[in-house]
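First up is the structure itself, then whatever we jot down about it.
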Amino acid sequence: MTIPETPDNSTDATTSGGAESSSDLNLSLRRRRTASNSDGAVAELASKIDELESDAGGGQVIKDPGAEMDSGTLKSNGKDCGTVKDRIENRENRGGSDVKFTYRPSVPAHRALKESPLSSDNIFKQSHAGLFNLCIVVLVAVNSRLIIENIMKYGWLIKTGFWFSSRSLRDWPLLMCCLTLPIFSLAAYLVEKLACRKYISAPTVVFLHILFSSTAVLYPVSVILSCESAVLSGVALMLFACIVWLKLVSYAHTNFDMRAIANSVDKGDALSNASSAESSHDVSFKSLVYFMVAPTLCYQPSYPRTASIRKGWVVRQFVKLIIFTGFMGFIIEQYINPIVQNSQHPLKGDLLYAIERVLKLSVPNLYVWLCMFYCFFHLWLNILAELLRFGDREFYKDWWNARTVEEYWRMWNMPVHKWMVRHIYFPCLRHKIPRGVALLITFFVSAVFHELCIAVPCHIFKLWAFIGIMFQIPLVGITNYLQNKFRSSMVGNMIFWFIFCILGQPMCLLLYYHDLMNRKGTTESR
């Protein structure tokens, strides 16, 4: 209960007949004093003061009403106010309007059951903005010291050929291969056009799609293995080839299902969930071209579109993309390269030394991984979506809050997750394959493409990436068990962060680097 206090504007309270005030309480009291029962007004004033004092015990702000009441006005009613008058005068003697708070000793200080803010039952109900700011300050301080220490130890390691080197000019076979990959999309369109007009049979359509999609992956693999190109160029080509393969599979699978729906409609056995748009199957070259450049891996004839392109927003995102890409390159050149070059093979050297290298590599590797995620999944995909007016921009969810490894894989890369669910997992379930086997097949496909994107550019087939992805299957069971056992959102989340940031990625980086260096040394000796 808070009562605003308005100072008395009258200079002479006796001549004006009372103090002038804008307070609602004083106005009501003056109206009651004009009534015949003045004793009731005095009694009500006394009860109001007691109520104000008792409310003040709850910690509310109370301004003294006695400072606004003229004691002479009570006498003018013909009654002696006695104790009430004394209490008002005592408040005026204590400082009048300067008294802002009243907290009596008799008021209880403890009234309810309350938990500490950091207790397990209350920690997620509180705001931790201050602790977040503290973490930012600590990170800035610690990393500033590490930057200074690194420059003092190694010097400035960023070379002039960081953005572009003369060796990149020798990778023209990879560039030509990249430019010819859209031919397979055109071939898939021609196959669908012939199938729509029923010029070729369904088995022939399936065979041709398998042939073209497989060639779209094997052709870049053969080009990379036949050329001694830069690893980064090979990784870029393999990523593009895998994206083309995923899109071709989705295009073929979706059109196959739409033809099945259209045939069922022609036979009078239309599905209950099939709309008229789905039943009227048609192949459009324009929709295929849009799909091949859109930031999605799942084909459909039309997509939700935005009204316009925000050009200023696109420019700002491009600036962010350049800044964070440069920051990522700085970390790689200044931190990761010296650590990796001064390390030993983690499976052949001293165990404690290998652990020290992995832990030292985990922090800069985590920064690069987060920058990569932000640059690609947030900035680049949103830029591409804005330029194409692509409406569905859920490219990721809050994977950093994942309670289990399974939740992480379902939230961190939504385009791939939607593709896996749509074209592998649920088709397996529809063919009566058990859920565990369907999950195994899904991770197997993911592991194969992870291995292709790393092993082929490095010319090393040690299956480290494949093993790392397949190792996620027991981790899914372990984190699900812990989540169900402890009912805590922190246990599985901490295991996820430890596996991915401390153990998994730094270990794979060291393994592939030393295998690559050993391969180069063997090749040069020959």
(request) Scan segment 496-507 and give yes if some residue there is open to solvent by 30 Å² or more (accessible area, probe 1.4 Å) and modelled with pLDDT of 80 or more, otherwise no. (result) yes
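Need at least 3 residues that are open to solvent by 80 Å² or more (accessible area, probe 1.4 Å) and at positive phi per element, so show me which helices (runs of 4 or more DSSP H) inside segment 431-494 make the cut, counting only ones lying wholly within it.
In segment 431-494, no matching helices (runs of 4 or more DSSP H) lie anywhere.
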(message) For segment 393-410, give me the residue count where each residue is assigned to a helix (DSSP H, G or I) and more than 9 Å from the chain's Cα centre (by Cα).
(response) 6
(request) For segment 265-333, please list each of the helices (runs of 4 or more DSSP H) lying entirely inside it that holds at least 3 residues being modelled with pLDDT of 85 or more, of a type outside the set (F, W, Y) and open to solvent by 90 Å² or more (accessible area, probe 1.4 Å). (result) 311-331
(message) Among the residues of segment 400-411, are any under 24 Å from H253 (Cβ atoms), open to solvent by 10 Å² or more (accessible area, probe 1.4 Å) and free of Cβ contacts under 8 Å to residues at least 40 places away in the same chain?
(response) yes
(request) Answer yes or no: is there a residue in segment 472-490 that is within 20 Å of the chain's Cα centre (by Cα) and closer than 26 Å to V368 by Cβ. (result) yes
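Restricting the search to segment 508-526, which residues are open to solvent by 30 Å² or more (accessible area, probe 1.4 Å) and either modelled with pLDDT of 75 or more or on the phi > 0 side of the Ramachandran plot (or both)?
C508, L509, Y513 - these are the residues of segment 508-526 that are open to solvent by 30 Å² or more (accessible area, probe 1.4 Å) and either modelled with pLDDT of 75 or more or on the phi > 0 side of the Ramachandran plot (or both).
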(message) Can you list residue pairs whose Cβ atoms sit under 6 Å apart, with the first residue in segment 414-443 being more than 22 Å from F466 (Cβ to Cβ) and the second being aliphatic (A, V, I, L, M)? Count only pairs 6 or more apart in sequence or on different chains.
(response) L429/A438
(message) Is it the case, given these coordinates, that K125 is modelled with pLDDT of 80 or more and more than 21 Å from A241 (Cβ to Cβ)?
(response) no
(request) Please verify whether segment 351-374 includes one or more residues that are in a loop (DSSP other than H, G, I, E, B) and under 14 Å from F500 (Cα atoms). (result) no
(request) Would you check if I210 is in a loop (DSSP other than H, G, I, E, B) and either small (G, A, S) or modelled with pLDDT of 85 or more (or both)? (result) no
(message) For a quick check of your reading of the model, give me the residue pairs whose first member lies in segment 453-481 and is within 15 Å of L516 (Cβ to Cβ), whose second is part of a loop (DSSP other than H, G, I, E, B) and modelled with pLDDT under 85, with beta-carbon atoms closer than 7 Å and at least 6 apart or on different chains.
(response) A455/F461
(message) Is it the case, given these coordinates, that R422 is modelled with pLDDT under 90 and surrounded by 14 or more Cβ atoms within 10 Å (Cβ to Cβ)?
(response) no
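The values are calculated or read from the model by the stated rules, or taken from the named source; none is laboratory data. Nothing here was measured: the structure is a model prediction, and the numbers come from that model. Heads up, the Cβs are rebuilt from the backbone with ideal geometry, glycines too, and the neighbour counts pull from every protein chain shown. Areas reflect the complete protein model, heavy atoms only, side chains present, ligands, DNA and RNA absent. Shrake-Rupley method; radii C 1.70, N 1.55, O 1.52, S 1.80 Å.
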